[in-house]
Amino acid sequence: QVQLVESGGALVQPGGSLRVSCVASGFTFSSYAMAWYRQAPGKERELVARISPPGGIRNYLDSVKGRFTISRDNAKRTVYLQMNSLKPEDTAVYYCNVPSLGGNYWGQGTQVTVSS
């Protein structure tokens, strides 16, 4: 019953900004940590950022620290990833998930392409 729907991906120029969103359902959203992952072609999926319930503690992949910000709106059951100063190496499909649930609840992801 867990459903995760990512959106907001786009083609953006290097140095640009983008915010991707994930709307969640099927569980008590405000009680669970949420996370963003990404996967580039030929690469393993990697954890990008996570946020605690209800939203006070954040962790980031070192390569995005200072550029990306994870946030959540519990009323909207939505987690966001604000991406600034984007680099070509940020190009990937971005996914959200619920780390503590441990299941294969991956959504379709949303494509972020950083290119001139």
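The values are calculated or read from the model by the stated rules, or taken from the named source; none is laboratory data. Note that this is a predicted model, so its numbers are computed, not measured. For neighbour counting, all protein chains shown are included, and Cβ atoms are generated from backbone atoms with ideal geometry for every residue, glycine included. Just so you know, the surface numbers come from the protein's heavy atoms only, side chains and all, with ligands and any DNA or RNA stripped out. Shrake-Rupley method; radii C 1.70, N 1.55, O 1.52, S 1.80 Å.
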**OP:** State whether one or more residues within the range 88-98 are touching a residue at least 60 places away in the same chain (Cβ under 8 Å) and not in a strand (DSSP E or B).
**Re:** yes
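Using the structure shown, decide if G9 is surrounded by 14 or more Cβ atoms within 10 Å (Cβ to Cβ), in contact with a strand residue (DSSP E or B) (Cβ under 8 Å, 6 or more places away or on another chain), at pLDDT 95 or above and part of a loop (DSSP other than H, G, I, E, B). Write out each step before concluding.
Working: surrounded by 14 or more Cβ atoms within 10 Å (Cβ to Cβ): yes; in contact with a strand residue (DSSP E or B) (Cβ under 8 Å, 6 or more places away or on another chain): yes; at pLDDT 95 or above: yes; part of a loop (DSSP other than H, G, I, E, B): yes.
Here the answer is yes, as G9 does meet what is asked.
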Original post:
Of P54, P14, which residue is modelled with pLDDT under 95 and part of a loop (DSSP other than H, G, I, E, B)?
Top reply: P54
**OP:** Taking the options S71, S85, name whichever one is within 19 Å of G8 (Cβ to Cβ), surrounded by fewer than 16 Cβ atoms within 10 Å (Cβ to Cβ) and touching a strand residue (DSSP E or B) at 6+ places or on another chain (Cβ under 6 Å).
**Re:** S71
Subject >> Residue, nearest to Y32 (Cα to Cα), within the range 88-116, restricted to residues that are among the aromatic types (F, W, Y) and surrounded by fewer than 19 Cβ atoms within 10 Å (Cβ to Cβ) >> reply: Y105
Subject >> Of all residues making up the range 35-51, the number that are assigned to a strand (DSSP E or B) and open to solvent by 30 Å² or more (accessible area, probe 1.4 Å) >> reply: 5
**OP:** Only residues that are β-branched (V, I, T) and either more than 14 Å from D90 (Cβ to Cβ) or in contact (Cβ under 8 Å) with a residue 60 or more places away in the chain (or both): list them for the range 20-59, please.
**Re:** V20, V23, T28, I51, I57
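Is the range 1-11 home to any residue that is of a type in the set (S, T, Y) and under 21 Å from L61 (Cβ atoms)? Spell out how you get there, then give the answer.
We begin by selecting, within the range 1-11, every residue of a type in the set (S, T, Y); these are 7.
Add one more test, that the residue is under 21 Å from L61 (Cβ atoms), and what stays is none.
No, the range 1-11 contains no residue that is of a type in the set (S, T, Y) and under 21 Å from L61 (Cβ atoms).
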**OP:** Tally the residues that are closer than 22 Å to V5 by Cα, assigned to a loop (DSSP other than H, G, I, E, B) and either in contact with an Asp or Glu (Cβ under 6 Å, 6 or more places away or on another chain) or not small (G, A, S) (or both), restricting the search to the range 62-78.
**Re:** 3
